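First the structure, in the form of structure tokens, and then the observations on it.
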Amino acid sequence: ALDEIGRLLNPNGQRVTPEGVRLPNPDGTRSEPLRIEGGEGTRSTSNSQARNIGSEAEVSGSRQQQPTETVPRQVAARQWAAQELQIPAEILNDLSVEAIERLKRLPRWARDRFSQLNHVAMRRILECSSPCKVDLQEVLSYLRNLAADAVAGARRLTTPEEVINALPTDLLNLDKLREKLAKPELMNIIMRAELTELDFAKMRDFITKNLTGDKKQSYDVFTQYLSAVVPSKLGPDLNKFIEFAEPMDDATGRALRRAMFENFTKLHVPEFQGLERATFNVPGYKDIVVNTDLFDPTNGTIWEFKYQKTKLASKELNKYVPIIGQRATDTLYEAKTANFVFPTEDLARLNYANLKDRPAHKVFFLQQPSGQAIRPVELQ
């Protein structure tokens, strides 16, 4: 039976061995960079690696630990967890099929964020004392609340050195970050968000390898975490977020504002909680793909989030034009409409005419009636 499963998973006839399963470094770090939403990050686990994770090497161990579960069901569940959540082999051995099914209920933003954790953090959050408990609400709470709860005596960060001291300095090269913090733009964002040293406590969990030799990637890790922790800190208040984001008009601020808006929207707008992402090939171009911010496979709707105070450039306006009518490479669902979402009606109106000139394009802005949840409203 195992040989038959191996043939199904590996049609080229190659036998999968334990050596085909990538294991983490002894300290729990991994080789891929951190990507905390707000961008078009890539996943490091290829389809072939995902097959290896769920192949004979893994089936053997799991068969001994969980004999009541059928092998094909276990293989499928572990393939999904390896590919979607980047869970490594040694944690998969401690995950039951039922636990993985619970993880499938995580919204897209949470699955993406979980996949960016290092393996030590994954094991802790899943409560893996063999087997893993996987309390879904606890997992969601950890991922949603990157910012710390208010704690009496927590010190707000007001100087570059205080920021540096709040970071996992043993894993980072701080040369570029020190240069950026010496200028007012980045420090102003940190101070206006009222971030404390406790708000950076979870950053270590998202560092997947030692970066002391790479100042650029160290800086990228910092800004990606910052773009995620600020929406968590501000909470689900649209006006509060806009008030915070409006002054971010310098080059550093604009880049962070775009990422923060995408994170804020995915985190705090209920309508987007159940949506997925999708990748499309551009017709006529073999190696060019387009990644969506979000995609609704039930109606073929693409959602793109924009916080920009000037008119969109042609490249941004035309991003989805060639893929309307095309099928996603990963889900095979057809893209039928592209919806662009702006934080305010004024910014939506600024780009309305140009976007409506494109086929099957619509323009939305966010609205939050008093005491209610944030929702997207189509601009007519």
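No lab work stands behind these numbers, since they all come straight from the coordinates. The model shown is predicted, which means the values in this text are computed figures rather than measured ones. No Cβ is skipped: glycine too gets one built from the backbone with ideal geometry, and neighbour counts run over all protein chains shown.
In which sequence would Ile207, Ile125 go, from the one with the fewest C-beta neighbours within 10 Å to the one with the most?
So the residues, fewest neighbours to most, are Ile125, Ile207.
Post the alpha-carbon centroid distance, the stretch 281-316 to the stretch 229-269, in whole angstrom.
After rounding, the separation between the Cα centres reads 20 Å.
Suppose a student asked you for the relative contact order of the stretch 115-219, using Cα pairs under 8 Å spaced at least 6 residues apart; what percent would you report?
With pairs under 8 Å counted, the relative contact order is 37 percent.
Is any residue of the stretch 151-173 close enough, with backbone N under 12 Å, to a label point placed 7 angstrom from the Cα of Thr212 along the Cα-Cβ axis, and if so, which?
Residues 169-173 fall inside that zone.
Where the Cα atoms of the stretch 271-378 are projected onto their three principal axes, how long is each span, largest first, in whole Å?
Principal extents (largest minus smallest coordinate, Cα): 47, 30, 18 Å.
Figure the gain on full extension for Arg102 and Lys286 (residue separation times 0.36 nm, minus the Cα-Cα span) and round it to one decimal in nm.
Length difference between fully extended and current span is 62.5 nm.
Once you have the Cα-Cα distance between Glu161 and Thr279, take 0.36 nm times their residue separation minus that, and quote the gain in nm to one decimal.
Going from the current span to full extension adds 38.4 nm.
Applying a 10 Å radius around every beta-carbon, put 174-181, 248-255 in order of their mean neighbour count, most first.
Final packing ranking: 174-181, 248-255.
Give me the distance in nm between label points sitting 7 Å out from Cα along the Cα-to-Cβ direction at Ala150 and Lys311, one decimal.
That separation, rounded to one decimal, is 4.5 nm.
In percent, what relative contact order does the stretch 271-378 have, based on Cα pairs under 8 Å that are 6 or more apart in sequence?
The value is 23 percent.
For Glu243 and Arg375, FRET efficiency with R0 = 22 Å and r from the beta-carbon atoms, rounded to 0.05?
Approximately 0.70, to the nearest 0.05.
Could you calculate the contour length gain from Leu136 to Thr337, that is, 0.36 nm times the residue separation minus the distance between their Cα atoms, to one decimal place in nm?
Difference between extended and current length: 69.1 nm.
Which of Lys209/Lys336; Lys133/Lys233; Lys209/Lys362; Lys216/Lys266; Lys183/Lys356; Lys216/Lys356 have a Cα-Cα distance over 30 Å?
Lys209/Lys336; Lys209/Lys362; Lys183/Lys356; Lys216/Lys356
Sequence gap at least 6, Cα distance under 8 Å: using those rules, report the relative contact order of the stretch 160-252 to the nearest whole percent.
Once normalised by length, the contact order is 37 percent.
Just the Cα atoms of the stretch 160-252, one point each, no solvent: what log10 I(q)/I(0) does Debye give at q = 0.21 Å⁻¹?
Relative scattering, expressed as log10 I(q)/I(0), comes to -1.10.
For the stretch 138-215 and the stretch 353-373, compute the distance between their C-alpha centroids and round to whole Å.
34 Å
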